[in-house]
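Student: Below you'll find the structure I mean.
The values are calculated or read from the model by the stated rules, or taken from the named source; none is laboratory data. All figures in this text were calculated on a predicted structure; none of them were measured in a lab. Heads up, the Cβs are rebuilt from the backbone with ideal geometry, glycines too, and the neighbour counts pull from every protein chain shown.
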Amino acid sequence: MAATETTQAFFTKLFAAISQEGLGPILLNALHENVKWTATGQSPLSGVYEVKNAYQEDCLGKIRGRLEYSPKPQVNNIIADREWTAVYFHSHGARSAKGVDFGMEYCWWLKVQDDKIVEVIGFFDQKQVYDLFHE
């Protein structure tokens, strides 16, 4: 299988599982220990997280306790080119601890090597995230 087809298959399978379980352990298990995760924009989650542990603690840790339910993504489109993939998806089912809908649209640009995600550049609804921290 060519690199593009392998990458497309990897992310199609991964996001099929994530859509059932939510953005949690399945995604974290797919991340390389030295993943570079860039959360774009100016929200409270925005920044560059240089390793998996930093992403877990410094990014995900900020929203832990603010969400009653984890987002469950539904993929709109996956486009792969060699080791890079763009995944455009929306989430549903996520609610803040105060009951406010936290569904939104995302586009992640992901790089895979040896069946591990080594880089992510994530685009998401900045206002939705801001509102989560200021409700």
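Student: So how many residues does the range 106-124 have that are touching a helix residue (DSSP H, G or I) at 6+ places or on another chain (Cβ under 9 Å) and closer than 17 Å to Pro73 by Cα?
Tutor: Count: 2.
Student: Can you work out which of the residues in the range 17-65 that are at pLDDT below 95 and in contact with a Ser or Thr (Cβ under 6 Å, 6 or more places away or on another chain) is surrounded by the most Cβ atoms within 10 Å (Cβ to Cβ)?
Tutor: Checking each candidate, the answer is Leu23.
Student: Return the pairs, sorted by first residue and then second, in which the second residue is in a loop (DSSP other than H, G, I, E, B), the first residue lies in the range 21-44 and is among the aliphatic types (A, V, I, L, M), the beta carbons are less than 6 Å apart, and the residues are 6+ apart or on different chains.
Tutor: Leu23/Ser70; Leu23/Pro71; Ala39/Leu45; Ala39/Ser46
Student: Still on this structure: Is it the case that the range 116-132 has a residue that's touching a residue at least 12 places away in the same chain (Cβ under 8 Å), on the phi > 0 side of the Ramachandran plot and not in a strand (DSSP E or B)?
Tutor: No: the range 116-132 contains no residue that is touching a residue at least 12 places away in the same chain (Cβ under 8 Å), on the phi > 0 side of the Ramachandran plot and not in a strand (DSSP E or B).
Student: Conditions: (1) out of contact with any strand residue (DSSP E or B) (no Cβ under 6 Å at 6 or more places or on another chain); (2) surrounded by fewer than 16 Cβ atoms within 10 Å (Cβ to Cβ); (3) at pLDDT below 95. Arg82 meets all but one. Number of the miss?
Tutor: Failing condition for Arg82: (3).
Student: Can you tell me which residues in the range 84-103 are under 18 Å from Leu27 (Cα atoms) and either assigned to a strand (DSSP E or B) or touching a helix residue (DSSP H, G or I) at 6+ places or on another chain (Cβ under 6 Å) (or both)?
Tutor: Trp84, Thr85, Ala86, Val87, Tyr88, Phe89, His90, Ser91, His92
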